[in-house]
1. Give, to the nearest whole percent, the P(r) tail of the range 74-134 beyond 13 angstrom, counting all Cα pairs.
2. Can you pull a Stokes-Einstein diffusion coefficient for the chain at 20 °C (1.002 mPa s), Rh from Kirkwood over Cα pairs, as a whole number of µm²/s?
3. What distance in nm separates the simple spin-label points at residue 108 and residue 73, each placed 7 Å from Cα in the Cβ direction?
4. In the full protein assembly as shown, how much of residue 84 is accessible to a 1.4 Å probe, in Å² to the nearest 10?
5. Compute the accessible area per residue over the range 1-118, keeping the other protein chains in place, probe 1.4 Å, unit Å².
6. Compute from the Cα atoms of the range 25-67 the Rg and the Dmax, the latter being the longest Cα-Cα distance, and quote both in angstrom.
7. With runs of 4+ DSSP H residues as the only contributors, calculate the mean residue ellipticity of the chain at 222 nm using -39,500 (n - 2.57) per run, divided by the residue total and rounded to the nearest 500.
8. Given the pairs 69/116; 69/144; 78/123; 69/123, which are separated by over 30 angstrom at their Cα positions?
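The values are calculated or read from the model by the stated rules, or taken from the named source; none is laboratory data. Only a predicted model underlies this, so the values are computations on that prediction, with no experimental measurement involved. All Cβ positions, glycine included, derive from the backbone under ideal geometry; neighbour counts span all protein chains shown. Remember, those area values only see protein heavy atoms, side chains included, never the ligands or the DNA or RNA. Shrake-Rupley method; radii C 1.70, N 1.55, O 1.52, S 1.80 Å.
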Amino acid sequence: MTLMERISQDIANAMRAKEPVRLGALRMAKAALMNQEVQKGRPLDEAESQQVMTSLIKQRRDSIEQFRKGGRDDLADKEAAEITTLESYLPPPIDAAGLERLVDEVVSEFGASGPKDLGRVMKALMPRLAGQAVEGKTVTELVKRRLG
């Protein structure tokens, strides 16, 4: 079952269960996936679907930050609930130890020694993390610490 099919099925379940926050998040996710399919002119594969979901989660996190700065905790809480719903459709995040091992592996593989090697390391590392629920920002910070 594709991600789009799972979301469609869960939309119906959320309507039956009268879960408005979950329903809103799922409808928004389905619309984003459909828009991406239209843009590409073909159905999305799993990696592309997960990338769309990851970007939606990132948008929600940015919104939470802005709402908290603006004193709108009610809206921030709604966004946090949507993140919880969206994260359930992603694979479990890679653990910190596993991420550190992978970063160390790539750094030693390239013989990277300083900040000037950040681009090369990131270019090699990100494809290995494809399909994993991990934020690029977190990876970048970890690589900078290893190289700096």
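1. I get 69 percent for the Cα pairs in the range 74-134 exceeding 13 Å.
2. Roughly 125 µm²/s, to the nearest whole number.
3. Placing both labels 7 Å along Cα→Cβ, they lie 4.7 nm apart.
4. 90 Å²
5. Result: 61 Å² per residue.
6. That works out to 11.3, 36 Å for Rg and Dmax.
7. Result for the chain: -25500 deg cm²/dmol, rounded to the nearest 500.
8. Pairs exceeding 30 Å: 69/116; 78/123; 69/123.
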